[in-house]
1. I'd like to verify a number: residues in segment 134-149 that are farther than 19 Å from residue 43 by Cβ and surrounded by fewer than 19 Cβ atoms within 10 Å (Cβ to Cβ), how many?
2. From 386, 361, 397, grab the single residue that is surrounded by 13 or more Cβ atoms within 10 Å (Cβ to Cβ), modelled with pLDDT under 90 and not aromatic (Phe, Trp, Tyr).
3. Residue 737 versus (1) over 14 Å from residue 711 (Cα atoms); (2) touching a His at 6+ places or on another chain (Cβ under 9 Å): which is the lone unmet condition?
4. Any chance you could count how many residues in segment 701-726 are modelled with pLDDT under 90, surrounded by 14 or more Cβ atoms within 10 Å (Cβ to Cβ) and of a type in the set (Gly, Ala, Ser)?
5. Suppose we filter segment 604-657 for residues that are in a loop (DSSP other than H, G, I, E, B) and without any contact (Cβ under 8 Å) to a residue 40 or more places away in the chain; how many remain?
6. Could you please let me know if residue 565 is modelled with pLDDT under 80 and among the hydrophobic types (A, V, I, L, M, F, W, C)?
7. Go through (1) among the charged types (D, E, K, R); (2) over 22 Å from residue 152 (Cα atoms); (3) in a strand (DSSP E or B) and name the single condition residue 61 misses.
8. Take the conditions outside the structural domain of residue 696 (by TED's automatic domain parsing), crowded, with 18+ Cβ neighbours inside 10 Å and small (Gly, Ala, Ser) and apply them to residue 444. Does it pass?
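The values are calculated or read from the model by the stated rules, or taken from the named source; none is laboratory data. Predicted model, so just to flag it, every value in this text is computed and none were measured. Here the Cβ positions follow ideal geometry from the backbone for every residue, glycine too, while neighbour counts run over all protein chains shown.
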Amino acid sequence: MKNMASTTARVSHSAEPAMKLVVEISDAADLAPKDGTASCNPYVEVDFDDQRQRTATKPADRSPYWNQTLVFDVRDPARFPSLPIDVSVFHDRRLQDHNALRPQTFLGRVRINGASVAPSPQEAVLQRYPLEKRSFFSRVSGDIAIRIYLVGDDVNNESVQVPAPPNHHHHPQQQQQQQESVAAAAATGDPERMVRSAFAPQQPSAVEQPAAAGNGGDEHEARPPRIFRSVPAAEPRRATLHAVAAPPPPPGQTVVMPKPAASAPPGPAFGLVETKPPLPAKMGPRAAAAAAAKIASTYDMVEPMTYLYVSVVKARDLPNMDVTGALDPYVEVKLGNFKGVTKHLDKNPNPVWRQTFAFSREHLQSNLLEVAIKDKDMIKDDFVGRVLFDMTDIPQRVPPDSPLAPQWYRLADRSGEKLRHGEIMLAVWIGTQADEAFPEAWHSDAHSLPFEGLSNTRSKVYYSPKLAYLKVVAIAAQDVVPAGSEKGRPLAPVIAKIQLGWQVRRTRPGQPQGSANPVWNEEFMFVAADPFDEPLVVTVEERVAAGRDEPVGRVIIPVQLPSYVPRNDVAKSVEAKWFNLSRALTADEAAAGVTAAKALSEKTTFSSKIHLRLSLETAYHVLDESTHYSSDLQPSAKKLRKSPIGILELGILSARNLVPMKAKEGRLTDPYCVAKYGSKWVRTRTLLNTLAPQWNEQYTWEVFDPCTIVTVAVFDNGYVLGGGEGSKDQRIGKVRVRLSTLEIDRVYTHFYPLMTLTPGGLKKTGELHLAVRFTCTAWANMLGMYGKPLLPKMHYSHPISVLQLDYLRFQAMQMVAARLGRAEPPLRREVVEYMLDVDSHMFSLRRSKANFYRITSLFSGAVAVAKWMEGICKWKNPLTTVLVHVLFLILVCYPELILPTVFLYLFMIGMWNYRRRPRKPPHMDTVLSHAESGLVHPDELDEEFDTFPTSKPGDVVRMRYDRLRSVAGRVQTVVGDLATQGERAQALLSWRDPRATAIFIMLSLVVAVVLYVTPFQVVAVVLGLYLLRHPRFRSKQPSVPFNFYKRLPAKSDMLL
């Protein structure tokens, strides 16, 4: 009997499925209320392959946590990819009503296909799914967090819930190597290296290496996959999001991202995640009315954040604390463990501070607010007096209420007795980020910073300078005398040097050379910034030797005076003027802005003149961005600008899973955001030492053209602690949103992935949470914009060459960066250059390949139509071919139906595609950009980030040059083939081949006679039936016209 029992046990064990499905139910958020008290009793029920399991019920909780694991048997692994996994959330009614007819109420469900399940726990991530309706009348809201993966038969339920410890049964040599690596890492003192060494993957032993080498010899496949480690936030935050960061992997394990296929869409790590934050703009009427009491209506796209504001205005009649009778007072505002300190004022019994402190809701750790005045001393600061506030008595203020009036409070000692002398004026209230004091307040997380660092943390709004093109036409010069005191020396070639600020341009030598009246007739364009305080310096120089130019005369023209430089806001010709040249004007005086009139009045005059045509071309738009990412297309002249057509509202909510940028300094990241649209730049406040910042700041722009782009970037502030030489704000990532892809009045809330492309590959540096809304205020004008040119009319009537436009764009970028860098706090050059894509014109083989595949994808539709037509001609589907014949005959008999049929077909295609329209705004596609691992070679990235000129050694440059030559050779072949086909078409009538041309013109005559005597419909029917003939009547050889065309001569045989 015992043997029979053991045999039965072995048989039943072998009959168990070899694969398990594990469903980890983490939590849910914002479930619909069902119990009549604005709550519910949720539980989760999972149904898979006729197996049903459920979690425990969480009473009265709309955002429950379960953290339960359900395990199912996979009975048929071959059918698993086609099996659905139904995750349903129900409300348990039996907790309130034990006699309920229906024990449960539907709260929502999620259906997941088996093909999308992770094959192992190491590759599974925790994801949030929005709950879906079961029927049209279901009322569903919220989302649920689930982690699903497969495990083998050697993993039981306990190992699923608790990560298995690392396997220690390795080869003794492997254990010794690992111990040595851990000891070496411990000697360095680097904790990150110690962790990597302790949990590094084991290397195969000498016995295992030959077996591994026999599996394949491809070096590319042997390369280890890219590994992305998720950095958890310092303080996990509960939010109604549809995707959360995966928990940190267990010891010894890493989350390995598989290589994407070349044609696959971007992976989930680089895709957009839609969210449902509790924004007033996305709530219903009742919720919006309730939210209006908490935050101003102008801030309806951010989550309300509560702050305690303390405005310290001034004090009076303070008592003397020192023996000398002097008092150096300062104020200390203390709330629990957080405090803010004003600057101390020397020997001032009636000080004035006018500083405001803000304490966030997370920092409200005490029931008492203490405002104390102290005397600054060398050894220990003396206590003067204080004022205490009970937190329950502090009023709340909601804009647009007027600011709270400050009041005088008498100081008290530590025992609470009022002092005979000393009062302080304070204003204390509770508000939100919509308060006027919010931008200039000293926030509680930045109270410890010095004043210089604090000024770099505040939110500000900037405006780009007004730019305009300055056109200078150097026509000729008159009576030019050689430089120097040598008499009778022949005149060397003469050039004109034109300088505006750091922009310098030179003409070619005047014609005829050696003449005292040289002629140039050359046109130059410069970028000038309002208020045009930089003068235009024109110098006539004599090229006496190679690399040596001697000035002959100079004139300085003030650009801000319209009498010298007229404003040309229409396409009209400007009169040229003669300007006197002054030889006595030195270069230092030119740099100081000494005008020609002043120089002539103080020094000897000079009779030489120069003929110039000057004008400020304000009818152009000065491009300071790449034309592909432009956010402003308005001309420089105000009277030529159009009225706005809408409003863009941007809510910068938060970010998560940012990479630590200051790990070497023992800090995390000090992130802030910069957004640009048009000439308006906005900068959020800097949040200190966090990987999950929450800004919740909202900004608004006027929209003049819907086909524009708003750019938002995240940076790490490198100046919060003062910053030294070489400090820079490091870039974390950038997001672009095209307004034309947004629906009107819809609030888009998504987590946008932040990515940076480095020489080591593509890296995800975090996720940025944005809320975007585009509101149209003039529908007719907006629709009319689609029929107007993108740029002002001057760009088309008097176009600027591409090379000159690139040069002017670079100069405009430098000018904007220099102007914004002088603001307070400055928007530094590295930030402006990253926002304006200053390096987008540099060569990149990766980007070239991406553009090539973009071109090939454009022809995919034509190729599909050609293949479909080939199938019709070869009668692969007889029914379809017959229908095409009928349609062809109808269109031939009634040709007036051809155009209506074509446009009706386009209309039907558009209506059919409406169901599949994109629900999310487009974002940077890593696959389309050829940026993911497996799509780009590391050397291509290293070449893309190389300096200009190159700093690489000669052998690397030679290798890259050879590679570029091979690519250019293929391009050359393709271009040659295209030229060959065109030359063959020209050879039809050029008589290069007399016999071919004679045949063609005689056939043309015959065809002309036949078409004259034959109705067009008959010809069309004959040609159509010939092209659609049955394969039985087709030959596998090329057709006669094709053979005739291929035999035509081209000019390829004439090339050397």
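1. Initially, segment 134-149 is screened for residues farther than 19 Å from residue 43 by Cβ, giving 135-137, 149.
Next cut, surrounded by fewer than 19 Cβ atoms within 10 Å (Cβ to Cβ) only: 135-137.
The number of residues fulfilling the criteria is 3.
2. Values: 386 fails: modelled with pLDDT under 90; 361 fails: surrounded by 13 or more Cβ atoms within 10 Å (Cβ to Cβ).
Selected residue: 397, the only one of 386, 361, 397 that is surrounded by 13 or more Cβ atoms within 10 Å (Cβ to Cβ), modelled with pLDDT under 90 and not aromatic (Phe, Trp, Tyr).
3. All conditions pass for residue 737, except number (1).
4. Adding up the residues that qualify gives 2.
5. So in segment 604-657, the residues in a loop (DSSP other than H, G, I, E, B) come out as 604-608, 618-626, 630-637, 641-645, 657.
Now restrict to residues that are without any contact (Cβ under 8 Å) to a residue 40 or more places away in the chain: 604-605.
Here the count works out to 2.
6. When the stated conditions are applied, residue 565 does not pass them.
7. (3)
8. On the way: outside the structural domain of residue 696 (by TED's automatic domain parsing): yes; crowded, with 18+ Cβ neighbours inside 10 Å: yes; small (Gly, Ala, Ser): yes.
So residue 444 passes the test.
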